[in-house]
Amino acid sequence: MAPTPARNHRTRVHVVSDVHGNARDLARAGEGADALICLGDLVLFLDYADHSRGIFPDLFGVENADRIVALRTARRFEEARALGASLWAGLEENRAAVIEEAVRKQYAELFAAFPTPTYATYGNVDMPPLWREYAGPGTTVLDGERVEIGGRVFGFVGGGLRTPMRTPYEISDEEYAAKIEAVGEVDVLCTHIPPEVPELVYDTVARRFERGSHALLDAIRRTRPRYALFGHVHQPLVTRMRIGATECVNVGHFASTGTPWALEW
């Protein structure tokens, strides 16, 4: 936990989300801040802006990455799954072992880039069981939990809700709602996914609505945190909006911007 600042000291926190393999900028993300907050999605499986980057094209080539992105963008999820299954069937190695090895390589580099202190929660493409191995003593992993930073209480809820994409850390609406309830009233509510508001969940490049959380939206209206911070939607229609007393902020697609969002008080 960050030390309580002196009375005349202003606290500055930098917040990132959707890092997707950008270890170079992550190593500088905490500069000038008292703490770094990471809202998940460290892993880069497939870059929708540059199909040559990520675990998928490394294994199956850019042409197949182009094909699967086109199918997913067209919401032809069954065809995308069939294509993926045929590609994986062509590998001699065990699928789970191949993915885990690739993710471990990324996690080793990314967790080493975290400054001290870092407070982090999982994204929907992350693999939570591996975080315990890579999070050093300066990194606190929180999910359905709270921590005090500079005299303010921050609550963290990681992961995403179930979708046809079937990413690694998708959970049921009921499990997600239970974690939101466990956090309770906080000054700053930190999640990977946004509240279920059309303007906040629509991705203008992917041209689809991502899944937001109704439980999160209800909690914002009920508990009225100062801020609700999240990521997940890479190119949102709206990056911030006020819901009652709460300023809701998509902190940005760090993989492409390389710039953290700053909160100071």
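The values are calculated or read from the model by the stated rules, or taken from the named source; none is laboratory data. Just so we're clear, the structure is a prediction, and the values are computed from it rather than from any experiment. Positions of Cβ are generated from backbone atoms using ideal geometry, with glycine treated the same way; all protein chains shown enter the neighbour counts. Heavy atoms of the whole protein, side chains included, go into the accessibility calculation; ligands, DNA and RNA do not. Shrake-Rupley method; radii C 1.70, N 1.55, O 1.52, S 1.80 Å.
Remark: relative contact order (segment 141-265) = 20 percent; criterion is Cα-Cα distance under 8 angstrom and separation of 6 or more residues.
The residues of the chain present an accessible area of 46 Å² per residue when probed at 1.4 Å with all protein chains retained.
Among the trypsin sites (Lys or Arg not before Pro) in segment 104-203, those located in a DSSP loop and surrounded by at most 11 other Cβ atoms within 10 Å of their own Cβ are 166.
With both residues required to sit in segment 106-160, DSSP beta bridges show an antiparallel share near 60%. Pairs of Cα atoms nearer than 8 Å and 6+ residues apart set the relative contact order; for the chain it is 22 percent.
For the chain, a simple Cβ point-charge model (Lys and Arg +1, Asp and Glu -1, everything else neutral) yields a dipole of about 660 debye relative to the Cα centre.
For segment 151-265, the Stokes-Einstein estimate of translational diffusion at 10 °C and a viscosity of 1.306 mPa s comes to 111 µm²/s, using the Kirkwood hydrodynamic radius over alpha-carbon pairs. Inter-label distance, residue 70 to residue 10: 5.1 nm, where each label sits 7 Å from its Cα along the C-beta direction. What does DSSP give for the chain in terms of the percent of beta bridges that are antiparallel, rounded to the nearest 5? Roughly 40 percent of the DSSP beta bridges within the chain come out antiparallel.
Distance from the C-alpha centroid of segment 98-116 to that of segment 51-88: 23 Å, rounded to the whole angstrom.
Here the accessible area of the chain is 49 percent carbon and sulfur, with a 1.4 angstrom probe and all protein chains present. Counting only GluC sites (Glu not before Pro) that DSSP places in a loop and that have at most 14 other Cβ atoms within 10 Å, the longest clean stretch of the chain runs over 94-184. Among the trypsin sites (Lys or Arg not before Pro) in segment 56-96, those placed in a DSSP loop whose Cβ has at most 16 other Cβ atoms within 10 Å are 75, 76. Rounded to the nearest 5, the antiparallel percentage of DSSP beta bridges internal to segment 73-188 is 45%. Proximity of backbone amide H atoms, modeled 1.01 Å from N, is registered between residue 145 and 156 at under 5 Å, excluding neighbours fewer than 5 places apart on the same chain.
In this structure, residue 82 and residue 242 have a Cβ-Cβ separation that, at R0 = 45 Å, corresponds to a calculated FRET efficiency of about 0.55.
As a calculated quantity, the FRET efficiency between residue 58 and residue 31 at R0 = 30 Å, using C-beta atoms, amounts to about 0.50. Subtracting the Cα-Cα distance of residue 130 and residue 104 from their residue separation scaled by 0.36 nm leaves 8.6 nm.
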